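S.K.: If you scroll down you'll find the structure; I have some questions about it.
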Amino acid sequence: MTSTGAGRAVEEFLRIVPGARAVLDEVIAADPEYYGAWARGRVDDLLEFLLQAFSRPVLLPLLRAGATADGASVRASFEYVESLASDPNSYVESSVYFGILEQFLESEGILLAALRSSLPVTRAKIVSMLEEYPATLRELRAAGALE
């Protein structure tokens, strides 16, 4: 998997994630002055982009839907996450951590769905994040959710 990086975050979002164009257009329309650069593929704040255009409107609703979620959309979304999570740049890494991975802590159901759907690099980063929550990590290991 090649990394996406901040410079190609919008381009890859639109290429990989089903329905991304509609979501991006909606976010931009809500505040064109603030988010207008995204229409041109420029992201000055990757964390903000991930929260406003991807995690909250796309990824979390898919994970909340559980078994009723469109499997192709879930896979594509995690391909996008994996491309970002594979980037070695510390700015991208911290944006992914706070803009995507920490969002999985909303509920146990979302966390479990994320673990089931994640690809290798993303999964390793989720497990690494969970080291900050040892009780949760122990429970997941005991339940076999990390195998």
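S.K.: Points 7 angstrom from Cα along the Cβ direction at residue 142 and residue 72: gap in nanometres?
M.R.: About 4.1 nm separates the two model spin labels.
S.K.: I've got another one for you. Provide Rg over Rh for the chain; use the alpha carbon set for both Rg and the Kirkwood Rh (inverse mean inverse pair distance).
M.R.: 0.97
S.K.: Tell me, what is the 1.4 Å probe accessible area of residue 16, in Å² to the nearest 10?
M.R.: Residue 16 has an accessible surface of roughly 30 Å² with all protein chains in place.
S.K.: Per DSSP H run of at least 4 residues, take -39500 (n - 2.57); add these up for the chain, divide by its residues and hand me the 222 nm value, nearest 500 deg cm²/dmol.
M.R.: Rounded to the nearest 500, the figure is -18000 deg cm²/dmol.
S.K.: Something else about it: By how many nm would the segment from residue 15 to residue 89 grow when fully extended, if each residue of separation counts as 0.36 nm and the alpha-carbon distance is taken off?
M.R.: 24.5 nm
S.K.: Using a cut-off of 15 Å between beta-carbons, work out the net charge of the residues near residue 109 (Lys and Arg +1, Asp and Glu -1, residue 109 not included).
M.R.: Charge balance near residue 109 sits at -1.
S.K.: Here's a follow-up. Test of understanding: in a Gaussian network model of the chain with alpha carbons linked when under 10 Å, which of 75, 56, 40 would top the mean-square fluctuation ranking?
M.R.: Taking springs between Cα atoms under 10 Å, the residue moving most is 40.
S.K.: Here is a follow-up. Leaving ligands, DNA and RNA out of it, rank 34, 97, 91 by accessible area with a 1.4 Å probe, largest first.
M.R.: My answer, sorted largest first, is 34, 91, 97.
S.K.: Taking the Cβ-Cβ separation of residue 22 and residue 132 as r and a Förster radius of 41 Å, what is the calculated FRET efficiency to the nearest 0.05?
M.R.: FRET efficiency, residue 22 to residue 132: 0.70.
S.K.: Okay, next question. Please work out how much length the chain gains when fully extended from residue 65 to residue 44, using 0.36 nm per residue of separation minus the C-alpha to C-alpha distance, in nm with one decimal.
M.R.: 4.5 nm
S.K.: Report the FRET efficiency, 1/(1 + (r/R0)^6), for residue 29 and residue 105, where r is their Cβ-Cβ distance and R0 is 30 Å, rounded to 0.05.
M.R.: 0.50
S.K.: What are the membrane-span-like helices in the chain by this rule: whole DSSP H runs, Cα extent along the axis at least 20 Å, mean Kyte-Doolittle hydropathy at least -0.5?
M.R.: 71-85
S.K.: Using a 1.4 Å probe, how large is the accessible area of residue 14, given in Å² and rounded to the nearest 10?
M.R.: Spelled out: residue 14, probe radius 1.4 Å, area about 60 Å².
S.K.: OK, next. Cα convex hull of the range 64-147: how many Å³ per residue?
M.R.: 88
S.K.: Mind checking the dipole of the range 19-147: about its Cα centre, +1 per Lys or Arg Cβ, -1 per Asp or Glu Cβ, Debye to the nearest 20?
M.R.: 400
S.K.: Given q = 0.28 Å⁻¹, what are the Debye log10 I(q)/I(0) values for the range 8-53, with equal point scatterers placed on the Cα positions and solvent ignored?
M.R.: Each listed q maps to, in turn, -1.12.
The values are calculated or read from the model by the stated rules, or taken from the named source; none is laboratory data. Bear in mind the structure is a predicted one, so any value in this text is a computation, not a measurement. Counting neighbours? That spans all protein chains shown, and the Cβs are built from the backbone with ideal geometry, glycine included. For accessibility, only protein heavy atoms count, side chains too; no ligands or nucleic acids. Shrake-Rupley method; radii C 1.70, N 1.55, O 1.52, S 1.80 Å.
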